[in-house]
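The values are calculated or read from the model by the stated rules, or taken from the named source; none is laboratory data. All values derive from a computational prediction rather than experimental measurement. Cβ: placed from backbone, ideal geometry, glycine included. Neighbour counts: every protein chain shown.
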Amino acid sequence: MKWAIPQLSKYRQNGMPIDEIVQLDGLMRRNTDIRRSTPVHVKGFCTFGASQLNCHFHLTGTLILPCSRTWEDVEFTYDIESDEVFSWSDTLDPDEYDNVHLVEGEVIDVDPVLEELILLEIPIQVFKEGAEKPAPKNNADWSYLTEDELLSQKEKDAKKTDPRLAALAKYFDQTDE
C-alpha cells in the first residue's frame, strides 16, 4: 500500500478508513523460514495532520512455517493490532519515539511497516499438532541422536585409538629396563 501525501489531504477532516487485502511478497524474502503467506487483511483508521499520518492497523492472515520437529508445514495464524506514525517533518527525531517512521519524498510506503509487524510475531519454534516424536532418524542429509546414544557414542570413540598414533601408544606400554 502506497499513499501520496498530497492526495491524503482530502482525509484531513474525517480521517481515512482502511479495509484492504494486501499481498506482502517481501515477507518470504526477509525470512526464509516462511514457506507461504496468505494475503493480509488490513483494517484500520488513519488521521491526517500537518506533518504526520497516525494509523491504527489490524492485520490478520496466515503463514505456512516449518514444524521444528518434523519440518512439515504448519499454519500459523496471526492477529495483530498496532499504532504507527508516519512523519515527514524535518524537526522530528525518530530516535525519541517508538513507532515513528520517517517518510522520504511525497509517497508513504506502508508495506515495509506491515511486513515488520508480521515478522515480529513469528515465534522461534512452531510445532505441528501430534508431532511429539521427531522425524525419522535416518535421512540422506541429516540425522539425530538421543542423549543416551550420544553418551554411548562418545564412550566408544574415547576407547578407540587413532591409527596414526597406534605406534605411540605401544611406546608407553613398554617398561623401562
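Numerical summary
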read-out	value
Candidate set from segment 89-115 (those that are part of a helix (DSSP H, G or I) and modelled with pLDDT of 75 or more); member that is nearest to Met28 (Cα to Cα)	Glu115
Within segment 6-35, tally of residues that are touching a residue at least 12 places away in the same chain (Cβ under 8 Å) and either of a type outside the set (D, E, K, R) or assigned to a helix (DSSP H, G or I) (or both)	17
Leading residue by the ranking (surrounded by the most Cβ atoms within 10 Å (Cβ to Cβ)) among those in segment 37-73 that are among the β-branched types (Val, Ile, Thr) and out of contact with any Ser or Thr (no Cβ under 8 Å at 6 or more places or on another chain)	Val42
Some residue of segment 10-17 being within 30 Å of Phe127 (Cα to Cα), surrounded by 11 or more Cβ atoms within 10 Å (Cβ to Cβ) and out of contact with any Cys (no Cβ under 8 Å at 6 or more places or on another chain)	no
Residue check for Gly61: modelled with pLDDT of 85 or more and over 17 Å from the mean Cα position of the chain (by Cα)	no
Test for Ile34: is it surrounded by 16 or more Cβ atoms within 10 Å (Cβ to Cβ) and within 14 Å of Leu119 (Cα to Cα)	yes
Filter result (aromatic (Phe, Trp, Tyr) and part of a strand (DSSP E or B)) within segment 54-88	Phe57, Phe76, Tyr78, Phe86
Positions within segment 124-155 being at pLDDT 80 or above and under 24 Å from Thr77 (Cβ atoms), in sequence order	Ile124, Gln125, Val126, Phe127, Lys128, Glu129
Contacts under 7 angstrom Cβ, first residue in segment 48-60 being touching a residue at least 24 places away in the same chain (Cβ under 8 Å), partner crowded, with 17+ Cβ neighbours inside 10 Å and charged (D, E, K, R), 6 or more apart	Cys55/Glu84; Phe57/Glu84
